[in-house]
Amino acid sequence: MDAALERALLVQLGDTWVEVNQNHFRSRLRRPVLALSDSERRLGAWDGRTRTLFISRRLVVDCPWTVVREVLKHEIAHQFVDEVLGVRDQSAHGPAFEAVCRQHGFDASATGLPVPPSTGDADGSGAGDGRASPVLRRIARLLALADSPNQHEAAAAMKAAQRLMLHHNIDAAVAAAREGFTFRHVGLPSGRVSGAEHMLAAILGRHFFVDVIWVPSYLPLEGRSGRVLELCGTPSNLEVAAYVHGFLIDTAERLWREHRRAQGLAGNRERRRFLLGVMIGFDEKLKAAAVENRIEGLIWVGDPALGDYLARRYPRRSGGAGIGIRATETYEEGRRAGRNIILHRPIATPTERRGRLLGGLF
């Protein structure tokens, strides 16, 4: 990075420090000196003697900004323990530090890249061990059946997968106690979030048992700010929701290309309207299935514990603006296409996929 980009990066780190101090610590911390380090061994460091918070230059170049934010939060927690709590008779990652990280949903590990903190998994089984849960394997098998060329069989398999997810989450307390909550970022940072992306986030939050929030992001080598979508939930639900996110983006783009060829359109002027229509049409399809489930007594009322977890990670949140919809013919075409989408395993080549499916179960 040249000097101008480094200055812009330090300004962004300072803005993020202020945000974390206000939202998590009620501005009880005094602003430190923020500096980039050339350390190859440490991602970040807090030096109480000089009141300097260091972030590795290599980290900001090689890793997404969401990772940089988690490292910065980790070092701010060190600053809080040192300057506000005044705890100096414990090791750097001792009980006081771990308690602060747990209270605010920060990563407390001493080495390596940040690991999303889980509120459960006390016995070491389940989250993060690389083994797929039985429900994930059953969902994967059902989505494989949704590949069927028989439209009725495919639709039935998708409905069965939805019902299995619903059954799995009805007893929220049991699921959370077994797996715990964690987070995942999906998609690419963007300075402008489209209506289709907003609608996709709403679909994940409404139908796939995760909480969603758009969080700040930054591209250091471009000096450009943006936002990225964060999902919070149990590891199993995150795995499904992340797959659905990539599947719907890829499917909507494929449907747009097919529509453009069929209509003989030369450019992408109507693309955003079509993609928004696709997402709204698919949302309507899922809502219709949810009504059928409610009639049968299968009702998802949400998980307060998940809401508490999100509140710890983001104590102060603002609501988003509504989506402006102009019901053009292109939008309606996309909406009709969205109502016909059947969620199944991807048909794209591996290089075209935006993410692996359910931990590589296929």
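Some points to look at:
- Förster-model FRET efficiency, 22 Å R0, Leu188 and Ala4, C-beta, rounded to 0.05: 0.40
- Of the trypsin sites (Lys or Arg not before Pro) found in region 1-86, the ones in coil according to DSSP and having at most 10 other Cβ atoms within 10 Å of their Cβ are Arg26, Arg30, Arg41, Arg49.
- Straight-distance candidates among the lysines for linking to Lys159, with alpha-carbon spacing under 23 Å and chain neighbours fewer than 8 residues away dropped: Lys285, Lys287.
- Put a dot 7 Å past the Cα of Arg102, heading toward its Cβ, do the same for Glu258, and the two dots end up 5.1 nm apart.
- Rounded if a/c under 1.5, otherwise prolate or oblate - region 171-263, Cα gyration tensor axes: oblate
- Heavy atoms of Leu43 accessible to a 1.4 Å probe, total area in Å² rounded to 10: 50
- Within the accessible area of region 13-86 (1.4 Å probe), percent carbon and sulfur: 45
The values are calculated or read from the model by the stated rules, or taken from the named source; none is laboratory data. These numbers come from a predicted model, not from an experiment. FYI the Cβ positions are ideal-geometry reconstructions off the backbone, even for glycines, and counts take in every protein chain you see. Just the protein is used for accessible areas: all its heavy atoms, side chains included, with ligands, DNA and RNA removed. Shrake-Rupley method; radii C 1.70, N 1.55, O 1.52, S 1.80 Å.
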